[in-house]
């Protein structure tokens, strides 16, 4: 009987997969290189009209050839806005590049804000300016059901002149550490989706901006040519990936590539066509709409595609998990485009062929089926389970001598924790998404009446706060061990003290998360985890308002924006001071 049910599930999964169309991403950059009267736009629209849908066309920067903050960019932007007007199943995303920032000039921020205003005013609904106000991002765009696009304004890092800073209060996140955390949280929370990270600049390139030049450049003139190439590879000017302003971001993105699989990086800075294998990820650049504007690209073992021909690159996300590409060459004749090169970026996990092409690990119907075939562990009938918060922090006398006794006993001693029954706790909880910061991991849940709760792990792992260089060294083990300096159940002990002082706070309760199929894709991470549940300070839900009957609840950054935009907004300074003084008293320095 169970096999029959599994067969039914399999065919149902296939039916659902077949009902969902393949998602097509088209990548194009450096449209500033097109002549003002080029037939390219008309021919590209014809290609879009005939293409399989849905299509997301990403124009990855350098949209206009010149922007000095004085000359209006309308004439060169208009063809981009008309490209998809009225086309069903086509969405266009516009990213700014360094030339749009006045070629990295003093008027750069003024230029892109003027361009953004024009696009916002005149663009059809299916054309979007991806990042507002010259902010760094990331902006998150959901493409279909299984693709998440993280858009970065790479020129914000690279720009040497005026750009948004925290004091301007125009960007949600503008501190680099917070931006990194938001990017990594998005990747972790979307393990069931294909994640694309895009920006005008690539993190790595086989073109001249990546420090690759033809042999003739090194030899002619002798010595000087070699110095010229070495300069662009190792020091770089404002357009080179190696320049000191952009290098921080490129290094970080390459670190992400080493840490996570199945990431695709899309860019349009180099005037050529590139698909590069980097670990189990892909770096794709398409920045030569015309062959006449294309520049040198190196061919090495990392290159899956390296062309100096004009055109664009298409990426096809199949419903079975396979990801393929097509290089669409611009011929200028007839319809204007012709498929010139095709290949695989990722294999389907349903039908791997044993080749060296990486397998897409994103959950698709065949992966879901294999998980369902495993016999589910029953939720324990016992109301409570005896468990320790962190038995691995127990240590001998010598270890305690060198690294401190801390609260190791509290971490290692077993405690009786009630089982969190998702069916009945708080009226029934539905799992929403994974969360967490740089130390804990958490699971966001919601009741039928809209109230939200969060299950947060008791144990912490601060390793993600370290640089990627240190994460694979002994420094990571030492940092993790120092978690024992925190009292694992301190939040429970502090809550009654806050009650006595009439300070607003969440009330955490200790639970063990069961191995429950209702956890879905998060089951492998959270099953049998010891954690604390507390109500989230959100504006949703019915019934009495939580947290002082507040009509609205703001995060710190949102509050700062509110105070900046509305000077009449005032803080209750006495309550704020009392709360901070209590934090100092108990040594809680992590409030934000």
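The values are calculated or read from the model by the stated rules, or taken from the named source; none is laboratory data. Here the structure is a predicted model, which is why all the values come from computation and not from measurement. Positions of Cβ are generated from backbone atoms using ideal geometry, with glycine treated the same way; all protein chains shown enter the neighbour counts.
Data for the structure
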{"item": "Qualifying residue in the range 157-164 (condition: surrounded by fewer than 20 Cβ atoms within 10 Å (Cβ to Cβ) and not in a loop (DSSP other than H, G, I, E, B))", "result": "no"}
{"item": "Which numbered condition residue 47 misses (of (1) outside any helix (DSSP H, G or I); (2) at pLDDT 90 or above; (3) touching a strand residue (DSSP E or B) at 6+ places or on another chain (Cβ under 8 Å); (4) more than 27 Å from residue 160 (Cβ to Cβ))", "result": "(1)"}
{"item": "Verdict on residue 514 being modelled with pLDDT of 90 or more and in contact with a helix residue (DSSP H, G or I) (Cβ under 7 Å, 6 or more places away or on another chain)", "result": "no"}
{"item": "Scope the range 434-444; condition free of Cβ contacts under 8 Å to residues at least 60 places away in the same chain and either loosely packed, with under 14 Cβ neighbours inside 10 Å or touching a helix residue (DSSP H, G or I) at 6+ places or on another chain (Cβ under 8 Å) (or both); matching residues", "result": "439"}
{"item": "Hits in the range 520-537 (condition: assigned to a loop (DSSP other than H, G, I, E, B) and farther than 17 Å from residue 440 by Cα)", "result": "537"}
{"item": "Residue match in the range 217-230 (condition: at pLDDT below 90, buried (at least 18 other Cβ atoms within 10 Å of the Cβ), assigned to a loop (DSSP other than H, G, I, E, B) and outside the structural domain of residue 444 (by TED's automatic domain parsing))", "result": "no"}
{"item": "Meets criteria (part of a helix (DSSP H, G or I), touching a strand residue (DSSP E or B) at 6+ places or on another chain (Cβ under 9 Å) and surrounded by fewer than 17 Cβ atoms within 10 Å (Cβ to Cβ)) for residue 478", "result": "no"}
{"item": "Filter result for residue 256 (outside any loop (DSSP other than H, G, I, E, B) and either within 26 Å of residue 316 (Cα to Cα) or modelled with pLDDT of 95 or more (or both))", "result": "yes"}
{"item": "Any hit, the range 494-507, residues being farther than 29 Å from residue 255 by Cβ, in contact with a helix residue (DSSP H, G or I) (Cβ under 6 Å, 6 or more places away or on another chain) and at pLDDT 90 or above", "result": "no"}
{"item": "Which listed residue is crowded, with 16+ Cβ neighbours inside 10 Å and either more than 26 Å from the chain's Cα centre (by Cα) or free of Cβ contacts under 8 Å to residues at least 12 places away in the same chain (or both), from 236, 268", "result": "236"}
{"item": "All positions within the range 528-543 that are modelled with pLDDT under 90 and within 19 Å of residue 423 (Cβ to Cβ)", "result": "535"}
{"item": "When residues of the range 198-216 are limited to those that are within 24 Å of residue 64 (Cβ to Cβ) and outside any helix (DSSP H, G or I), the one nearest to the chain's Cα centre (by Cα)", "result": "198"}
{"item": "Within the range 315-324, tally of residues that are assigned to a strand (DSSP E or B) and surrounded by fewer than 22 Cβ atoms within 10 Å (Cβ to Cβ)", "result": "2"}
{"item": "Residue 371 at pLDDT below 90 and assigned to a loop (DSSP other than H, G, I, E, B)", "result": "no"}
{"item": "Verdict on residue 113 being part of a helix (DSSP H, G or I) and surrounded by fewer than 18 Cβ atoms within 10 Å (Cβ to Cβ)", "result": "yes"}
{"item": "Conditions (1) more than 30 Å from the chain's Cα centre (by Cα); (2) not in a loop (DSSP other than H, G, I, E, B): number failed by residue 504", "result": "(2)"}
{"item": "Hits in the range 48-77 - residues which are surrounded by fewer than 18 Cβ atoms within 10 Å (Cβ to Cβ) and more than 30 Å from the chain's Cα centre (by Cα)", "result": "49, 50, 66, 68, 69, 70, 71, 72, 74, 75"}
{"item": "Yes/no for residue 431 being on the phi < 0 side of the Ramachandran plot, in a strand (DSSP E or B), assigned by TED's automatic domain parsing to the domain that holds residue 399 and touching a helix residue (DSSP H, G or I) at 6+ places or on another chain (Cβ under 9 Å)", "result": "yes"}
{"item": "Cβ pairs under 7 Å, 6+ apart, first in the range 400-418 and free of Cβ contacts under 8 Å to residues at least 40 places away in the same chain, second assigned to a strand (DSSP E or B)", "result": "414/386; 414/387; 416/384; 416/386"}
{"item": "Members of the range 116-137 that are without any contact (Cβ under 8 Å) to a residue 40 or more places away in the chain and outside any loop (DSSP other than H, G, I, E, B)", "result": "116, 117, 120, 121, 128, 129, 132, 133, 134"}
{"item": "Residue ID - modelled with the lowest pLDDT, chosen from residues in the range 552-571 that are loosely packed, with under 10 Cβ neighbours inside 10 Å and closer than 16 Å to residue 505 by Cα", "result": "556"}
{"item": "Scope the range 323-342; condition free of Cβ contacts under 8 Å to residues at least 60 places away in the same chain and in contact with a strand residue (DSSP E or B) (Cβ under 6 Å, 6 or more places away or on another chain); matching residues", "result": "324, 325, 326, 327, 329, 331, 338, 339, 340, 341, 342"}
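Table: residues versus (1) in the same structural domain as residue 114 (by TED's automatic domain parsing); (2) touching a helix residue (DSSP H, G or I) at 6+ places or on another chain (Cβ under 6 Å); (3) at pLDDT 90 or above.
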{"position": "40", "(1), (2), (3)": "yes, no, yes"}
{"position": "67", "(1), (2), (3)": "yes, yes, no"}
{"position": "78", "(1), (2), (3)": "yes, no, no"}
{"position": "83", "(1), (2), (3)": "yes, yes, no"}
{"position": "88", "(1), (2), (3)": "yes, no, yes"}
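To keep it simple, each residue is scored yes or no on (1) touching a residue at least 40 places away in the same chain (Cβ under 8 Å); (2) assigned to a helix (DSSP H, G or I); (3) not assigned by TED's automatic domain parsing to the domain that holds residue 423.
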position	(1), (2), (3)
448	no, no, no
453	yes, no, no
491	yes, yes, no
494	yes, yes, no
518	yes, yes, no
